[in-house]
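Here the structure comes first, spelled out in structure tokens, and everything after it is commentary.
The values are calculated or read from the model by the stated rules, or taken from the named source; none is laboratory data. Computed from a predicted model, the values in this text were never measured in an experiment. Using ideal geometry, Cβ is built from the backbone for each residue, glycine included, and neighbour counts are taken over all protein chains shown.
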Amino acid sequence: MDPRARYRAVAFDKPAPFALPSFNAAPLLAFTKRAAAQVLPPLVMVLLILGIWQLACGGTGSALPPPTKVFKDTWPLIRDPFFDRGGVDKGLFWHIIASLRRVALGFSLAAIAGVGLGVLVGQSKLAMRGLDPIFQVLRTVPPLAWLPLSLAAFKQTDPSAIFVIFITAIWPIIINTAVGVRALPQDYRNVARVLGLSHFEMFTKILLPATVPFIFTGLRIGVGLSWLAIIAAEMLIGGVGIGFFIWDAWNSSLISEIILALIYVGLVGVCLDRLIALAGRFVSKGTA
Amino acid sequence: MTQHYLSIEGVSMQFGKQVPVLSDLWLGVEKGEFVSLIGHSGCGKSTLLNIVAGLLHATDGTVILDGVSCEDPGPDRAVVFQNHSLLPWLTVYENVKLAVDKVFKGKKTKQQRHEWVIENLELVHMTHALDKRPGEISGGMKQRVGIARALAMEPKLLLLDEPFGALDALTRANLQDEVMAIHRRLGNTVLMITHDVDEAVLLSDRIVMLTNGPEATIGQVLDVDLPRPRDRLTLADDARYVAARRDVLRFLYERQRPPAEKAA
């Protein structure tokens, strides 16, 4: 019998469904419920906090503006983030982009150097004995403490800020990569040896893919620290950047603008974290 | 002295300054032979297999395969590991392909290598899951892929390290039958570690029984004189099968008590 004929016969033999062929609302309802369960609690909390804030700062003579005043004061900035009147008088978009550019440069350098050093320290006992104590000391130095030194070395503000990002982000990347390399199961090493993989093939085909989840943990911590450090560094070095924007607003007593900038800084920080997490999931193909 | 295909000559193994694990072990395996190593856990079976694989260096003695000394690991001695050891970020196809590309680069064209991967996965009936990752398939399937990866290297010697130990009884029986079928078809030389008496008798031409460690060595070698192909159902009542089984059990439970019982 022609298999297609059998298929057709089966299809016709099936009893007609009793339900009306109407729109089935159940899945949509379930989705809405799930979405509400996700969105409602944080929404309620935000409204609650705004309410308390409004009550606390709503009176006359309050040092900080209430949410309504913040919104009213900063509406021009929110509405047009893209204006550019030269110098540092730019929209928030340009400030954030300037900060992100510095983070991107410093963080990329830190990622490359950090993974390289991490693999070295993870693979070689000698390298670990020599370098690990140094790393442990250097990683406790606060980011901003590097700034004067880098200003002295680079004699320019932009490379100095990028160096501060680099030196802040590199430690968690090194340490996590090294832990990942050391955690490589002996089985995988045995497989590589039985197959007769060269050192280079061992590195690219086994070590690196096996270490990817660890590397991305380091990258995530690193990008978070970078974003913390750049804001502080920019306050000191000036120029275009969200950090200096905040400092500038303080000098002009524009408290509402500071609050708006803080919200933006927080949102961008979350986006950076999610971006790295997403990249990690993509690179490790969901096996992490 | 006649030349064996695989020759284990006076192998001893000592870790640090402890009592040696293996002591002066001699064994010859012929081409196409299926030999099982059986013994209580901790007796050094896995150590011996790792020495033959080249993953460990014997403190004394040598292992010679087809006239070549086995100092370092190599694809001529493919290992099927107990815990399958597939790379979790590669698909079933890619796991086998990695081995095939490494061993046959320059000897086979790209198309031939692809076909060879498929052919070996067909041998273990895993072509339906080419694009699955190890995390998405069952333990038995993973072990099949591990076997396919080892076979695809066309090794002179196939080393099985308790390959079915982590599987449930039904899956294990199934895979044992398939390994027998593959062995009949390809005529591989196989050295298998096991702690399962039935498995050893069913699959092997010879069973090598190790004494309890430390300083383990070969206690007894049993020839399993059963015609192939073997069928587990008809063999269950076969007098020769029952006798072989009894011999191994006697060795393990009378002459070599399990270490825990001896301590008690």
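Tabulated data for the structure shown
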{"item": "Cβ pairs under 7 Å, 6+ apart, first in the range B:26-52 and in contact (Cβ under 8 Å) with a residue 12 or more places away in the chain, second among the basic types (K, R)", "result": "B:E33/B:R206; B:V35/B:R206; B:L37/B:K45; B:G39/B:K45; B:V52/B:R77"}
{"item": "Tally, over the range B:65-98, of residues that are surrounded by fewer than 19 Cβ atoms within 10 Å (Cβ to Cβ), in contact (Cβ under 8 Å) with a residue 60 or more places away in the chain and more than 10 Å from every other protein chain (Cβ to nearest Cβ)", "result": "2"}
{"item": "Only listed residue being among the hydrophobic types (A, V, I, L, M, F, W, C) and more than 21 Å from B:V80 (Cβ to Cβ), chosen from B:M209, B:M192", "result": "B:M209"}
{"item": "Subset tally (residues that are over 22 Å from B:D161 (Cβ atoms), hydrophobic (A, V, I, L, M, F, W, C) and either within 11 Å of another protein chain (Cβ to nearest Cβ) or in contact with a Gly (Cβ under 7 Å, 6 or more places away or on another chain) (or both)) for the range A:194-206", "result": "0"}
{"item": "Some residue of the range A:264-284 being part of a helix (DSSP H, G or I) and either in contact with an Asp or Glu (Cβ under 7 Å, 6 or more places away or on another chain) or at positive phi (or both)", "result": "no"}
{"item": "Tally of residues being touching a Gly at 6+ places or on another chain (Cβ under 9 Å) and crowded, with 24+ Cβ neighbours inside 10 Å across the range A:222-249", "result": "8"}
{"item": "Residue count, the range B:133-158 (criterion: assigned to a helix (DSSP H, G or I) and not basic (K, R))", "result": "14"}
{"item": "Residue list for the range B:23-64, filter: within 14 Å of another protein chain (Cβ to nearest Cβ) and crowded, with 16+ Cβ neighbours inside 10 Å", "result": "B:S46, B:T47, B:L49, B:N50, B:I51, B:V52, B:A53, B:G54, B:L55, B:L56"}
{"item": "Within the range B:176-196, considering residues that are over 23 Å from B:L249 (Cβ atoms) and among the aliphatic types (A, V, I, L, M), the one nearest to the chain's Cα centre (by Cα)", "result": "B:I182"}
{"item": "Verdict on B:L121 being part of a helix (DSSP H, G or I) and either away from chain A (no Cβ under 14 Å) or touching an Asp or Glu at 6+ places or on another chain (Cβ under 6 Å) (or both)", "result": "yes"}
{"item": "Test: residue in the range A:257-270 that is modelled with pLDDT of 90 or more, farther than 29 Å from A:R79 by Cβ, out of contact with any Cys (no Cβ under 9 Å at 6 or more places or on another chain) and more than 14 Å from chain B (Cβ to nearest Cβ)", "result": "no"}
{"item": "Test: residue in the range A:143-159 that is loosely packed, with under 15 Cβ neighbours inside 10 Å, more than 22 Å from A:L208 (Cβ to Cβ) and among the hydroxyl-bearing types (S, T, Y)", "result": "no"}
{"item": "So A:W75, is it surrounded by 10 or more Cβ atoms within 10 Å (Cβ to Cβ), at pLDDT 90 or above and closer than 30 Å to A:A98 by Cα", "result": "yes"}
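Yes/no per residue for (1) closer than 30 Å to B:R255 by Cα; (2) at pLDDT below 95; (3) surrounded by fewer than 19 Cβ atoms within 10 Å (Cβ to Cβ):
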{"residue": "B:T109", "(1), (2), (3)": "no, yes, yes"}
{"residue": "B:E122", "(1), (2), (3)": "no, yes, yes"}
{"residue": "B:P134", "(1), (2), (3)": "no, yes, no"}
{"residue": "B:G139", "(1), (2), (3)": "no, yes, yes"}
{"residue": "B:M153", "(1), (2), (3)": "no, yes, no"}
{"residue": "B:F164", "(1), (2), (3)": "yes, yes, no"}
{"residue": "B:S204", "(1), (2), (3)": "yes, yes, no"}
